[in-house]
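Single-structure report; data block below.
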Amino acid sequence: MNAGKIIVGAIVIVAAVAGGFLWYTAERAFYEPVAFQPGQEIRLVPLTGDQPEAIVVEGIEGIDAESSPIKFRACFRTPLSLAMLTETYREYPEAEPLVTPSGFDCFDAAAIGRALETGEALAFLSEPNIHPGVDRVVAVFPDGRAYAWNQLNAEYKD
């Protein structure tokens, strides 16, 4: 009977340590704050060309990790109106915001996704193929709140 309790106890301890390690690697490990280059923080692809152009942003903060090309997330504000953005930059209809680690509170993927579905926010192509098969996407709300993330493009979705 004691041997069974010891084995079960060992299994529980190993599972708890493994779960803690898994949580740490998903939520904390690898992520680092992004150092943005002033004046080049966020770029969008214009309707009339293929080269992304920098847009005006304020209060930008972001995270990224070298372990995966889709771990980039950023939150910022822009004074540019949605009307101006839609007349100037290429929209991105397949936008699907990806969840973030719990420590990056400014980015709520579910709320951004709902806003994109209802048309409250609009998504734009920021950087096509920033990594092979990965696009950077920017979603902008009417009040100037904006969010950026990397997501798989059509090359890897099928």
query = What number of residues within region 126-158 are touching a Lys or Arg at 6+ places or on another chain (Cβ under 8 Å) and not in a strand (DSSP E or B)?
reply = 1
The listed residue being part of a loop (DSSP other than H, G, I, E, B), closer than 14 Å to Ala148 by Cβ and among the small types (Gly, Ala, Ser), out of Ala74, Ala95, Ala123 = Ala95
task = State all residues of region 130-148 that are among the small types (Gly, Ala, Ser) and surrounded by fewer than 19 Cβ atoms within 10 Å (Cβ to Cβ); if no residue qualifies, say none.
result = Gly133, Gly144
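To keep it simple, each residue is scored yes or no on (1) surrounded by 14 or more Cβ atoms within 10 Å (Cβ to Cβ); (2) β-branched (Val, Ile, Thr); (3) not in a strand (DSSP E or B).
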residue: Ile11; (1), (2), (3): no, yes, yes
residue: Ala15; (1), (2), (3): no, no, yes
residue: Ala18; (1), (2), (3): no, no, yes
residue: Leu22; (1), (2), (3): no, no, yes
residue: Val56; (1), (2), (3): no, yes, yes
residue: Gly62; (1), (2), (3): yes, no, no
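Residues checked against (1) at pLDDT 95 or above; (2) of a type outside the set (Phe, Trp, Tyr):
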| residue | (1), (2) |
| --- | --- |
| Thr86 | yes, yes |
| Tyr92 | yes, no |
| Phe104 | no, no |
| Ala115 | yes, yes |
note = Within region 70-129, of all residues that are among the acidic types (Asp, Glu) and closer than 22 Å to Ala154 by Cβ, the one surrounded by the most Cβ atoms within 10 Å (Cβ to Cβ) is Glu127
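The values are calculated or read from the model by the stated rules, or taken from the named source; none is laboratory data. Note that the structure is predicted; figures quoted are calculated from it, not measured. Quick reminder, even Gly has a Cβ in these numbers, built from the backbone with ideal geometry, and neighbours come from all protein chains shown.
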